[in-house]
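Novice: Before I ask anything, here is the structure I am working with.
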Amino acid sequence: MEALEIENWVKLIAQITAKVPLTLVVTGISLFFGLWLGLVIAMVRLGQNAILRAMATFVISFVRCTPVLVQLFLVFYGLPQVLLVFHIDINDWDALVFALLTFSLHIAAFLSEMIRSSFLAVGKDQFDAAYSIGMSYLQAMRRIILPQMAVHALPNFGNNAITLLKETSVAFTIGVVDMMGQARIYLGNNYGMNMFEIYILISLFYWLICIAIERSIGRMEKVFCKER
Amino acid sequence: MTIFNLQFAIEQFPAVLEAVPMTLTIAFVAMAFGMVLGFLLALCRIYKIPVLNRLTIIYVSFIRGTPLLVQLYVLFYGLPLCMETVHQWTGLHMPAAAVSPLAYALVAYTVNSTAYQSEIIRSSLKAIDIGQMEAAYACGMTTAQGLWRIVIPQALRIALPNFGNVFIGLIKGTSLVFAVKVVEIMAVAKVIAGDGYRFLEMYFDASVLYWIICFLCERAIAVLEKKLRAKY
């Protein structure tokens, strides 16, 4: 087996680096939508409506108990077929949209559990105290509860973000060319030469991003905890 | 073509069901070996054994920081290279081609779960008050005895829910193993789906199957937890 030429390395690294933003954007957007959706699901699960609560529990159980790969395929192949019944044609949508949709829904289930547990950790007396000085529900939520929830939730959020980042590597199976996809395309063009080295290289990329996320979460934790 | 052919999904369900043992084998083997190795790594970190401690930290960080799919590929293509190198250096007979993909997959999943389990074991061992170990020493036990008889039974109770999570993660992780030519639930579903363009039905089958397995695991862990708690 021949070693890879130095210029090929440089080219490959440049190609993969060019895809880093895409991976980050997919992770970021999914986390953003997942957080809002997760908040809604968590509020439903904490709420009074028994039917809605059962539905939310059902959805969370399904998402947490099936592989993200299966979910990706279900959304990619299933959703267009289902929507076709209502005469909505989304077959020509970009694969990226489906990937974003899947990852958002997927991470929302995990984040909703995170939000729920941190909400319970803050405790009801904080609400009572906020009400007693005349705050409305939304005011109490925004000024009193959410800042405290953030402290509880942050380490957990970091774990979820890292997991999601790694899970985006399966998006290539539906044709989204991210970091992993770029490496696979390169391998395909070169008849699978130097597979080992290239996968080591790609794992270094993921590792570095993960370390960066860990560090920034750690810094944020320090900032939040200082206020206490 | 109908939108969703339920009959087809039900007809093909047994075929997918046949692949369950493979999924469970990978998960069980990786879990069992990972637990033993993870325990050793956890000890390295708790007792701060000079070089091994550092290596373990790097290893765990690497495994937790890279996708499972990448780890699978790295080992699947890297292990034969390593075997070849060993063969060249030492002359030992290493038939890399004779090793089945399943063996590489088992190694990859073990390597992966070892890292996660070592962290779980480390945190659960640390959660046990240091006084317990001191009390064991005071009774004249050795470190091994103290760990085995006093600390581990208590740590196990703390670690059990996390072990359950790792196991469920492993089961879901096995859906990637088709990438290295091992045929399990997802692979069977994909193959059948590819034959007749019935993707939705087959992925529906697969997801139901995964769901059932994970649900059963969750229940089993809950029962175990209750049992362990009842002892005290």
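Novice: For the range A:1-31, name all the residues that are within 30 Å of residue A:118 (Cβ to Cβ) and touching a residue at least 24 places away in the same chain (Cβ under 8 Å).
Specialist: Across the range A:1-31, the qualifying residues are A:23, A:24, A:26, A:27, A:29, A:30, A:31.
Novice: Could you look through the range B:88-105, keep only residues that are within 14 Å of another protein chain (Cβ to nearest Cβ) and farther than 21 Å from residue B:63 by Cα, and pick out the one that is surrounded by the fewest Cβ atoms within 10 Å (Cβ to Cβ)?
Specialist: B:88
Novice: Consider the range A:155-203. How many of its residues are within 23 Å of residue A:68 (Cα to Cα) and either more than 17 Å from the chain's Cα centre (by Cα) or in contact (Cβ under 8 Å) with a residue 12 or more places away in the chain (or both)? Spell out the reasoning first.
Specialist: Quick first cut of the range A:155-203, residues within 23 Å of residue A:68 (Cα to Cα) only: A:155-185, A:199, A:202-203.
After this cut, where a residue has to be either more than 17 Å from the chain's Cα centre (by Cα) or in contact (Cβ under 8 Å) with a residue 12 or more places away in the chain (or both) as well, the list is A:155-158, A:160-185, A:199, A:202-203.
Residues meeting the conditions: 33.
Novice: Return the total of residues in the range B:121-174 being touching a helix residue (DSSP H, G or I) at 6+ places or on another chain (Cβ under 6 Å) and in contact (Cβ under 8 Å) with a residue 60 or more places away in the chain.
Specialist: 11
Novice: Taking the conditions exactly as written (within 14 Å of chain B (Cβ to nearest Cβ), touching a residue at least 12 places away in the same chain (Cβ under 8 Å) and closer than 28 Å to residue A:95 by Cβ), does residue A:69 satisfy them or not?
Specialist: Yes: the conditions hold for residue A:69.
Novice: Mind checking whether some residue in the range B:144-155 is of a type outside the set (Val, Ile, Thr) and either closer than 28 Å to residue B:108 by Cβ or within 14 Å of chain A (Cβ to nearest Cβ) (or both)?
Specialist: Taking every residue of the range B:144-155 in turn, at least one turns out to be of a type outside the set (Val, Ile, Thr) and either closer than 28 Å to residue B:108 by Cβ or within 14 Å of chain A (Cβ to nearest Cβ) (or both).
Novice: Right, another one. Those residues that are among the charged types (D, E, K, R) and not in a helix (DSSP H, G or I), I need them from the range B:177-205; list them, please.
Specialist: B:181, B:184, B:198
Novice: Let me ask something else about it. What pairs can you find where one residue is in the range B:49-61 and buried (at least 16 other Cβ atoms within 10 Å of the Cβ), the other is of a type in the set (Phe, Trp, Tyr) and in a helix (DSSP H, G or I), and their Cβ atoms are less than 9 Å apart, with a gap of 6+ or different chains?
Specialist: Within 9 Å, the pairs are B:60/B:116.
Novice: Provide a single number: the residues in the range B:175-209 that are at the interface with chain A (Cβ under 8 Å from one of its Cβ atoms), under 21 Å from the mean Cα position of the chain (by Cα) and of a type outside the set (A, V, I, L, M).
Specialist: 2
Read the figures in this text as sums done on the coordinates, not as results from a lab. Since the model is a prediction, treat every value here as computed from it, not as a measurement. All Cβ positions, even for glycine, are placed from backbone atoms using ideal geometry, and neighbour counts span all protein chains on display.
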